[in-house]
Amino acid sequence: MNLVDKNDKVSEFNFYVENVYEGRQFKENIGTVQKGGFNRKVLANFENPIIDEFSGYLAIVCPKEKNKSKISIRINELYVSELTRAMSETGYATLVVDIIEPKEGIEYIVGTYAASAESSGMDVTNKHDERLKKGLQECLTNYMKTSDNDKTSIVFDVDQNIKSKTLDAVPSKGVYLTYVDVLNNNPLDDSNFEMTNKNERFYLLNKTTKSKELNYYGFSDGNVFYVNVSKYANAKYYAKTEIIGSKYYVENVVYNTNNVVAMGAMFGLIGVVIASATSSSSVPMLIDCYSGQPSFLSNNEMKAMLVPYPVLFRDFKNSKKSSADIKTILKKYYQETIAH
């Protein structure tokens with residue numbers, strides 16, 4: 001897949017993009033497409049490195065000119081997927097980016113923007129580049145519309161080296177833009193934010209703009225970490241977690257089946273995910289704090305995990321298999337595996 005196309009045209013943006021940074025947690029592929037008569041899911045990727053793809057495209061639509069201001073972008077999320085129905089297919093593309101502005105020699109993240117695009121047809125695989133570009137154009141347009149008063153002012157650190165790949169305790173109180181910030185214990189001050197709870201769906205309200213901040217990686221109140229589950233769920237929100245075995249345990253997510261299948265396929269979990277996603281609209285899940293890999297804790301997944309541990313397997317088999325039972329077994333499982 002290529003972003004650059006002969007039909008690309010200059011957009012009427014009053015800025016050009018100097019640098020593109022990679023901020024995705026999972027970088028091995030960009031999602032799934034369907035191939036062949038049986039719509040077999042295969043992994044999708046760009047022909048060139050993602051930074052080169054976006055830099056090449058942005059050089060065309062936002063060319064550098066003297067009278068334009070300079071920005072950079074960081075790509076935090078990017079994935080594509082497809083869903084087949086009786087007579088057509090629907091293609092999806094999702095993008096989350098930070099916009100970075102320089103000021104007096106320091107670069108600041110002035111906003112995080114997200115966009116999703118979808119379109120239907122008999123064969124949507126060849127249109128993923130168009131959907132991604134539509135999403136990027138939407139992000140850039142929304143940035144243009146943001147007033148200076150509504151922009152954030154977060155110092156951007158180009159160094160994204162991770163100090164630790166494990167997480168043993170609840171992250172410090174504050175807001176986290178990316179998974180790297182969590183692992184490096186680098187939160188933003190949360191005094192300008194307010195948490196709200198609607199039926200165990202948690203939201204982060206920006207007191208200045210009076211809007212929900214739906215695109216950050218997560219936030220902590222000092223006792224609990226809340227992770228963004230938008231890529232799995234049927235709505236955008238943050239879910240309460242518990243740290244178990246350096247993973248985020250999420251007790252209840254009402255899944256978007258297409259998103260779950262796509263996310264699972266990116267990690268090679270196609271069969272397990274489809275079984276989990278179709279057997280129940282809501283099962284507990286684990287998210288690896290470093291790789292981002294999800295585990296959907298259906299009964300079959302739990303049994304497969306516990307086979308090498310007969311006592312735990314028996315305890316799970318004899319339990320009511322409630323969320324509380326699953327959590328108790330998981331804690332014992334990770335104590336057992338860490339010990340060995």
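Do we have ILE71 as open to solvent by less than 10 Å² (accessible area, probe 1.4 Å), under 14 Å from ASN14 (Cα atoms), hydrophobic (A, V, I, L, M, F, W, C) and modelled with pLDDT of 95 or more here?
yes
Would you mind listing the strands (runs of 3 or more DSSP E) fully within segment 83-184 where at least 1 residues are open to solvent by 40 Å² or more (accessible area, probe 1.4 Å) and out of contact with any Gly (no Cβ under 8 Å at 6 or more places or on another chain)?
89-103, 106-121
From the set of residues in segment 303-339 that are modelled with pLDDT of 90 or more, of a type outside the set (A, V, I, L, M) and part of a loop (DSSP other than H, G, I, E, B), which is surrounded by the most Cβ atoms within 10 Å (Cβ to Cβ)?
Applying the filter and picking the extreme gives TYR309.
Being part of a loop (DSSP other than H, G, I, E, B) and either out of contact with any Asp or Glu (no Cβ under 8 Å at 6 or more places or on another chain) or of a type in the set (Phe, Trp, Tyr) (or both) is the filter here, so list the residues in segment 1-24 that pass it.
Here is the first cut: in segment 1-24, the ones part of a loop (DSSP other than H, G, I, E, B) are 1-14, 23-24.
Matches in segment 1-24: LYS6, ASN7, ASP8, LYS9, VAL10, SER11, GLU12, PHE13, ASN14.
Filtering segment 231-244 down to residues that are within 26 Å of ALA93 (Cβ to Cβ) and touching a residue at least 60 places away in the same chain (Cβ under 8 Å), which residue is most open to solvent (accessible area, probe 1.4 Å)?
Among them, the one singled out is LYS231.
Restricting to segment 205-236, what's the tally of residues that are part of a strand (DSSP E or B), among the hydroxyl-bearing types (Ser, Thr, Tyr) and more than 14 Å from the chain's Cα centre (by Cα)? Talk me through it step by step, then tell me what you get.
The initial filter retains those residues of segment 205-236 that are part of a strand (DSSP E or B), namely 205-206, 211-212, 218-220, 225-228, 233.
Restricting the remaining residues to those that are among the hydroxyl-bearing types (Ser, Thr, Tyr) gives 211, 220, 226.
Next, from what is left, pick out any that are more than 14 Å from the chain's Cα centre (by Cα): 211, 220.
Qualifying residue count, segment 205-236: 2.
Check ASN7, ASN14 and return the single one that is exposed (fewer than 12 other Cβ atoms within 10 Å of the Cβ) and modelled with pLDDT of 90 or more.
Result of the check over ASN7, ASN14: ASN14.
For the structure I just gave you, tell me whether TYR232 is out of contact with any helix residue (DSSP H, G or I) (no Cβ under 6 Å at 6 or more places or on another chain) and not charged (D, E, K, R).
Details: out of contact with any helix residue (DSSP H, G or I) (no Cβ under 6 Å at 6 or more places or on another chain): no; not charged (D, E, K, R): yes.
No; evaluated as a whole, the condition is false for this residue.
The values are calculated or read from the model by the stated rules, or taken from the named source; none is laboratory data. Keep in mind it's a predicted model, so treat the numbers as computed, not measured. Glycine also receives a Cβ, built like all others from the backbone with ideal geometry; neighbour counts cover every protein chain displayed. Calculation scope for accessible area: heavy atoms of the full protein, side chains included, ligands and nucleic acids excluded. Shrake-Rupley method; radii C 1.70, N 1.55, O 1.52, S 1.80 Å.
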